[in-house]
Amino acid sequence: MKILVANLGSTSFKYRLFDLPDTGGAEGGAELARGGVERIGAPESRVYARLGGDDVETTMPVPDHGVALEAAIGQLTRAGGPLLSIDEVAAVGFKAVHGGRVTGVVRVTDDVLAAMEEMSEVAPAHNPPYVRAMRALGARFPRVPLVAAFETGFHATIPDRHGLYAVPTEWVERHRVRRFGFHGASHRFVSERLGALVAATPGRPLRTATCHLGGSSSVCWQRAGASVGTSMGMSPQSGLPQNNRAGDLDPFVLLHVAKATGRSFEDLLGELSSRAGLAGMSGTSGDMRDLEAAAAAGSARARTAIDVYVGAVRDWLGAGLVELGGLDGIAFSGGIGENAPATRAAVLAGLEDLGIALDPTANAASVGGERPIHSASSRTAVWVIPTNEELVVARQARDLLAGTSPAAGGHSARGGS
């Protein structure tokens, strides 16, 4: 079964094409191609693809995401390509972010799009472009099923003690104010890999923590592979400091700064979600590579930004360790998690008495891919595991079409109807 997984931005379209067994769980599947379209809506857009070992690229006018998919299909069906026609695509899967009252894995319908629009205020960088693109793709390719795999779905198992804010119950019931959690596809993939790599203690469920660290970061804890807590809350703007987003913040800060400056809440929220985070703290870049270089050159602001970020990761990792009563495995994924050994070392520094110890040589080794980095004396296994969110979405779309997905239907009963 061939599934195309789309990753959408307001002016971009990236995809990966998978060929999966018609039935199966979290095993099997081959990537046939990947590519995308840049500068959608501009007079000329770049359309590119990697087909096997060949790179293909052209420029053409691409006014909307429907045309972007059509252009991608054109490259995928070229001579020797992995498709004969769009009819071979069983579904287009989307790593959708926030559906509020709708979660899990669902066919894209008018009701699903309406639910996403209801949450656009708390996912402004994600939901509006996805809704527009899904509508455009549905209109242009009405026979191809569109499947939304919501990032919130993996966190539906979080108990209320970790999912609720201390707000009036009416806010929860009428306005769905609660922790939803995000990066679900990544945490699902990495926790499944940890489950295959780390042995549980007999008679006790496996206890794991996954650290998805990159331009957008979050920590999640799992018991027997099920999410029981995560750092992100009601919106993807929350939790750890992000590349250019503030993360968690006392809401009365907004009132204080608004009164002092005369600026509106919308203006301040825009700054918190685009010019804050590591970039705002450092005054330069939110990229960890740039921050490490600046800190090494003597920038106190860059060093402080790194320290605040590491401290936040440690806070959430520690919360998971207490909740679970210990950890059998920890995994790092994402651009920072996979490629910043200094950050990994700082996050786990001084935890030897808790049974968590890195092997400095393994941690610093400049090798890629999945690998253990714990010392021989560590009671907790520590791994670097490159994530594969698109493969998770492809498998979820396949299972939904086959009627074997446990999330089929996907409507959340939490916080409203």
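Worth a mention:
- Condition met for residue 83 (touching a helix residue (DSSP H, G or I) at 6+ places or on another chain (Cβ under 7 Å), assigned to a helix (DSSP H, G or I) and in contact (Cβ under 8 Å) with a residue 24 or more places away in the chain): no
The rows are residues; the columns are (1) among the hydroxyl-bearing types (Ser, Thr, Tyr); (2) in a helix (DSSP H, G or I); (3) in contact with a helix residue (DSSP H, G or I) (Cβ under 8 Å, 6 or more places away or on another chain).
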| site | (1), (2), (3) |
| --- | --- |
| 245 | no, no, yes |
| 253 | no, yes, no |
| 259 | no, yes, no |
| 263 | no, no, yes |
| 269 | no, yes, yes |
| 274 | yes, no, no |
| 285 | yes, no, yes |
| 314 | no, yes, yes |
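- Among the residues of segment 1-26, those that are buried (at least 16 other Cβ atoms within 10 Å of the Cβ), at pLDDT 90 or above and not in a strand (DSSP E or B) comprise 1, 20.
- All positions within segment 50-74 that are under 17 Å from residue 85 (Cβ atoms) and in a strand (DSSP E or B): 51
- Matching residues in segment 332-351 - criterion: being crowded, with 21+ Cβ neighbours inside 10 Å, hydrophobic (A, V, I, L, M, F, W, C) and outside any helix (DSSP H, G or I): 332, 340, 348
- Enumeration of residues in segment 175-203 that are assigned to a loop (DSSP other than H, G, I, E, B) and within 20 Å of residue 318 (Cβ to Cβ): 179, 181, 183, 198
- For segment 106-126, the criterion of a residue being β-branched (Val, Ile, Thr), in a strand (DSSP E or B) and touching a strand residue (DSSP E or B) at 6+ places or on another chain (Cβ under 7 Å) is satisfied by at least one position.
- Restricting 139, 125, 133, 209 to those that are surrounded by 22 or more Cβ atoms within 10 Å (Cβ to Cβ) and closer than 25 Å to residue 9 by Cβ reduces the list to 133.
- The condition of being more than 15 Å from the chain's Cα centre (by Cα) and not in a helix (DSSP H, G or I) holds for only one of 228, 172, 219, that being 228.
- Checked against the criteria, residue 329 counts as of a type outside the set (A, V, I, L, M, F, W, C), crowded, with 21+ Cβ neighbours inside 10 Å and touching a strand residue (DSSP E or B) at 6+ places or on another chain (Cβ under 8 Å).
- Only listed residue being out of contact with any Asp or Glu (no Cβ under 8 Å at 6 or more places or on another chain), within 20 Å of residue 325 (Cα to Cα), of a type in the set (Val, Ile, Thr) and modelled with pLDDT of 95 or more, chosen from 198, 219: 219
- Restricted to segment 352-364, and to residues there that are more than 26 Å from the chain's Cα centre (by Cα) and not β-branched (Val, Ile, Thr), the residue that is surrounded by the fewest Cβ atoms within 10 Å (Cβ to Cβ) is 353.
- Subset of segment 314-337 (residues that are within 18 Å of the chain's Cα centre (by Cα) and either on the phi > 0 side of the Ramachandran plot or not aromatic (Phe, Trp, Tyr) (or both)): 317, 330, 331, 333, 334, 335, 336, 337
- Filtered residues of segment 236-282 (kept if of a type outside the set (A, V, I, L, M) and in contact with a strand residue (DSSP E or B) (Cβ under 8 Å, 6 or more places away or on another chain)): 239
- Residues that are assigned by TED's automatic domain parsing to the domain that holds residue 293, among the β-branched types (Val, Ile, Thr) and within 19 Å of residue 198 (Cα to Cα) do occur in segment 330-344, at least one of them.
- Meets criteria (closer than 23 Å to residue 250 by Cβ, hydrophobic (A, V, I, L, M, F, W, C), surrounded by 20 or more Cβ atoms within 10 Å (Cβ to Cβ) and at pLDDT 95 or above) for residue 189: no
- First in segment 166-189 and touching a residue at least 24 places away in the same chain (Cβ under 8 Å), second anywhere and basic (Lys, Arg) and surrounded by fewer than 24 Cβ atoms within 10 Å (Cβ to Cβ), Cβ under 8 Å, 6 or more apart: 172/178; 176/101; 176/414; 178/414; 185/95
- Of the listed requirements (1) under 18 Å from residue 4 (Cα atoms); (2) at pLDDT 90 or above, residue 46 misses just one: (1).
The values are calculated or read from the model by the stated rules, or taken from the named source; none is laboratory data. On a predicted model such as this, the values are computed, not experimentally measured, just so you know. Cβ sites come from the backbone with ideal geometry, for glycine too, and all protein chains shown count toward neighbours.
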